[in-house]
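Right, one structure below, let's go through it.
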Amino acid sequence: MKKTNVNSGMGISMLIMIFTVLCITIFASLTYLQANYNYTEAKNIVSGKEAYFEADYHAVEKYRELKEALEKNEITMQWLEEKKIDHQDGKYTYSIKINENQSLKVELSETLEIEVWQKVTTTDGDYDFESFVD
Amino acid sequence: MKTKSYNFLLEMLVVIVVFTFCMVICVGIFTNSSQKNKDAAILSSAIRQVETYVSEIKANKELPEVSYDADGYTISIEKDGEDYIVSATKDDGESIIQVTVGVIQ
């Protein structure tokens, strides 16, 4: 039998190392991507909550202004327009923008009892429902 | 025979060097990931606590007692006129969140 001197230059140890390194690198990359995603998500939640609390504070400020104006009997149509407060059917309504898609809606009675104080979605959805219906 | 053992030693050397290099990089990535996970956990925990204190302030209309012993951040609440300022700060001094809470009397 003829013996050849052809050598690939790679032994079993080299192959095992390449495989191990490849596995660990993939695992490390996946771990990093997951951690990065978690961190970004947590940051987004914090900034979302911060925006909501800011809007809530502005809503409270507006409530105080309205209360003060009512007590001093200074409420006029112009004042309400200036403050962007609607007064219809005995209700005061205003909304504070939280972000592009959401706002804080406040509805108060004539005696300034809070009737609605909630986050609402303001995005006008452009959904093509017809494609889902036969 | 001599050449064979030389080749084997050379290969082992390459394997050790490359493996060590890759391991150092991978350990770095794992450490970074671990830190990011820890930061994410701190942010989530801090925002939950801030929300709890804000609800408490709005419900009771008074300065609540900060009793939560957080790991990695501190929460402080101050009264500023009619309003309350709730802030969460990491142990290294970085601000996580600061909110002003208005109370309707």
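We did not get these values from a lab; they are worked out from the coordinates using the rules stated. Since this is a predicted model, take the numbers as computed values, not measurements. Please note: Cβ atoms are built from the backbone with ideal geometry, for glycine as well, and neighbour counts cover all protein chains shown.
Computed quantities for the displayed model
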| item | result |
| --- | --- |
| Cα-based Rg / Dmax (Å) for the range B:1-88 | 26.9, 89 |
| Residue pairs, from the table A:Lys62/B:Lys61; A:Lys83/B:Lys61; A:Lys84/B:Lys90; A:Lys84/B:Lys58, whose Cα atoms sit over 29 Å apart | A:Lys84/B:Lys90 |
| Set of aspartates and glutamates with alpha-carbon distance to A:Lys91 below 15 Å, sequence-local pairs under 8 removed | A:Glu81, A:Glu107, A:Glu110, A:Glu113, A:Glu115 |
| Protection proxy ranking of B:83-91, A:82-90 - average other beta-carbon atoms within 10 Å, highest first | B:83-91, A:82-90 |
| Formal net charge of residues neighbouring B:Ile97 (Cβ-Cβ distance under 14 Å; K, R +1; D, E -1) | -2 |
| The protein assembly as shown - convex hull of the alpha-carbon atoms, volume per residue in Å³ | 247 |
| Inter-site label distance for B:Ile104 and A:Thr20 at 7 Å from Cα along Cβ, in nm | 6.6 |
| For residues of A:23-29, the mean tally of beta carbons on other chains within 10 Å | 4 |
| Folded to 0 to 90 degrees: helix B:2-60 orientation relative to chain B principal axis, Cα | 10 |
| Phi to ³J(HN,Hα) by Karplus 6.51 cos²θ - 1.76 cosθ + 1.60 over the range A:35-48, Hz, x for Gly, Pro | 5, 5, 5, 4, 5, 5, 5, 4, 5, 5, 5, 4, 5, x |
| Spin-label zone in the range B:8-27 - amide nitrogen under 20 Å from a point set 7 Å from the Cα of A:Leu33 along the C-beta vector | B:25-27 |
| Inter-chain shielding of A:58-67 (mean C-beta neighbours from other protein chains, 10 Å cut-off) | 3 |
| Other protein chain Cβ atoms within 10 Å, averaged over every residue that makes up B:30-36 | 5 |
| Cα-projected label distance for B:Glu94 with A:Glu61, points at 7 Å along beta-carbon direction, nm | 2.9 |
